[in-house]
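Below you'll find the structure, written out as structure tokens, and then a few comments.
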Amino acid sequence: MPGPRLTPRLAIESVWKQFGRRPVLRNASVWAYAGAVTALFGRNGEGKSTLLRCGLGLLRADVGVTILGDRRHHRPSLARLARDGLFFLPDRDLFSPQLTVAAHVRGLVARFPEAVPARLATLLRDPALLGRHAWELSGGERRRAEVGYAGARGPGVLVADEPLRGLAPLDAQAVAGHLRTLAAEGCAVLVTGHEARALLDVADHVVWMTGGTTHHLGTRDAALAHDQFRSNYLRHI
Amino acid sequence: MRLGIRLPPAPFLGVLLRRAVVLWLLGRLMVACFVLVYEGAESLVNDAVCLGAPASLALSGLVAALTLLDVLRRREDILLGNLGVSRTGIVLLASLPPLAFEALTCLAPV
């Protein structure tokens, strides 16, 4: 568990959610701390994305509250949270197919003049990709562009749902390093994914989601020493 | 009271306005076809150009709703949300072109 003096910059707390009669989330909570990467792990269908979406107002939670900075949001909205410095990277398709990557960056800078487009260029590596539409990029290129775009925003809080999805090991490492750099600059990073090795390497706090609820395992080393987490999630890593 | 509604920045603004204009044109075309089929060509100018306030407002609302649905279908709501643009902002923006064109068509001399 994080030390008692730490105050989370983002807290998604006590979320309950049911789809029809099927309960998906049972009192699930997750926190993101300034300058740290929090990794949320869990098997498919355990409710990681649902928890994030409820916390960011993309799905209506039955019960729950989102606290960003010192503001409590009982009915959160991504637009309001984004104005307060949060950026959400969904698990797929952030970009509009009608615009080039460069046009997306222009829009970002127009809205947030403090944005740093150079971060996107660093992660994208090939500047020619900026002139392409999202549908002209390969899956890996698009994902790198999306993570770079999120970093270019210079967010106070970055919530990234499976940012390493579909990336080659080297690219996954680069993107994980990018998340680490953002955290080092003071951003609170909350990340999910199944690339346990790459994510554990950059994680400061580990949260394990199982049975619709969250278990805060503490640091990477504490998580690796957690018997149930090892046997029910990690297995051979 | 602060409403906190923001319009999208430049490239996204143009894209959404264009989509709303295309949907309005399609809506108008459908109205013209409807009038042509059920009332004949002689009613086309009188009934299909100036629809009257209730029908104009209904068409504008429909265009705004369809534009929002199109944004959701393309999963662009998260991108716009990250730029601080809410669904209310999208609906408001998408209703501007049809309202403006409806006003112009009613003012235009026939």
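Nothing in this text is a laboratory measurement; each read-out follows from the coordinates by a stated rule. Computed from a prediction, not measured in an experiment: that's the story for all the values here. Glycine gets a Cβ as well: all are built from the backbone with ideal geometry, and neighbour counts include every protein chain shown.
What net charge is computed for the residues neighbouring A:Ala11, neighbours being all others with C-beta under 14 Å from the C-beta of A:Ala11, Lys and Arg scored +1, Asp and Glu -1? Before the final figure, lay out each step's value.
Details: positive: A:Arg9, A:Arg71, A:Arg72; negative: A:Glu13, A:Asp70, A:Asp84.
That works out to 0.
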For every other residue with a beta carbon closer than 11 angstrom to the beta carbon of A:Arg92, add +1 if it is Lys or Arg and -1 if Asp or Glu, then tell me the sum. -1
Reduced to Cα centres, the span from the stretch B:3-22 to the stretch A:102-125 in Å works out to 19
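Over the alpha-carbon set of chain B, divide Rg by the Kirkwood Rh and report the Rg/Rh ratio to two decimals.
Working: Rg = 15.8 Å, Rh = 14.9 Å.
Here Rg/Rh amounts to 1.06.
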As I understand it, the value is the acute angle between the Cα axis of helix B:10-39 and the longest principal axis of the Cα atoms of chain B; what does it come to in degrees, rounded to 10? 20
Where is the GNM fluctuation largest for chain A (alpha-carbon springs, 10 angstrom cutoff): A:His133, A:His178, A:His205? A:His133
Given a cut-off of under 8 Å on Cα pairs at least six residues apart, what relative contact order in percent is computed for chain A? 28
Hey, if you drop one equal point scatterer on each alpha-carbon of the stretch A:145-234 and run the Debye formula without solvent, what base-10 log of I(q)/I(0) do you get at q = 0.26 Å⁻¹? -1.40
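Return the inverse of the average 1/r over all pairs of distinct C-alpha atoms in chain A, which is the Kirkwood hydrodynamic radius, in Å to one decimal.
Kirkwood hydrodynamic radius for chain A: 18.0 Å.
Could you sort A:76-85, B:65-74, A:154-163, B:49-58 so that the peptide with the highest average Cβ count within 10 Å comes first and the rest follow in order? Could you put the intermediate results ahead of the total?
On the way: A:76-85: 21.6, B:65-74: 16.1, A:154-163: 23.2, B:49-58: 13.7.
Ranking the peptides A:76-85, B:65-74, A:154-163, B:49-58 by packing returns A:154-163, A:76-85, B:65-74, B:49-58.
Could you work out, residue by residue across A:79-88, how many beta carbons of other chains sit within 10 Å of that residue's beta carbon, and then give the average as an integer?
Average neighbour count from other chains, rounded to a whole number: 5.
Among A:Lys17, A:Lys48, which comes first, then next, by fewest other beta-carbon atoms within 10 Å?
Lowest to highest Cβ neighbour count: A:Lys17, A:Lys48.
Give me the net charge of A:Tyr33's neighbourhood, meaning all other residues with Cβ under 10 Å from the Cβ of A:Tyr33; Lys, Arg count +1, Asp, Glu -1. Don't skip to the end; give the middle numbers.
Numbers: positive: A:Arg9; negative: A:Asp204.
Summing Lys/Arg as +1 and Asp/Glu as -1 gives 0.
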Among A:Thr50, A:Thr181, A:Thr66, rank each residue by its count of other Cβ atoms within 10 Å, from fewest to most, as a rough exposure measure. A:Thr181, A:Thr50, A:Thr66
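Over the Cα atoms of the stretch A:105-170, compute the convex hull volume and normalise it per residue, giving Å³.
Working: hull volume 6.2 nm³, N = 66.
Output value, Cα hull per residue: 94 Å³.
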Looking at the protein assembly as shown, send over the antiparallel percent of its DSSP beta bridges, to the nearest 5. 55
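As an exercise, use a Förster radius of 56 Å and the Cβ-Cβ distance of B:Val49 and A:Trp135 to find the FRET efficiency, rounded to the nearest 0.05.
Values: r = 39 Å, r/R0 = 0.70.
Between B:Val49 and A:Trp135 the formula returns 0.90.
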Given the options A:Asp62, A:Asp204, A:Asp171, state which has the largest fluctuation in a GNM of chain A using a 10 Å cut-off (strictly under) for Cα springs. A:Asp62
Check the cysteines of the protein assembly as shown one by one and keep only those with no other cysteine Cβ under 4.7 Å from their own. A:Cys54, A:Cys187, B:Cys33
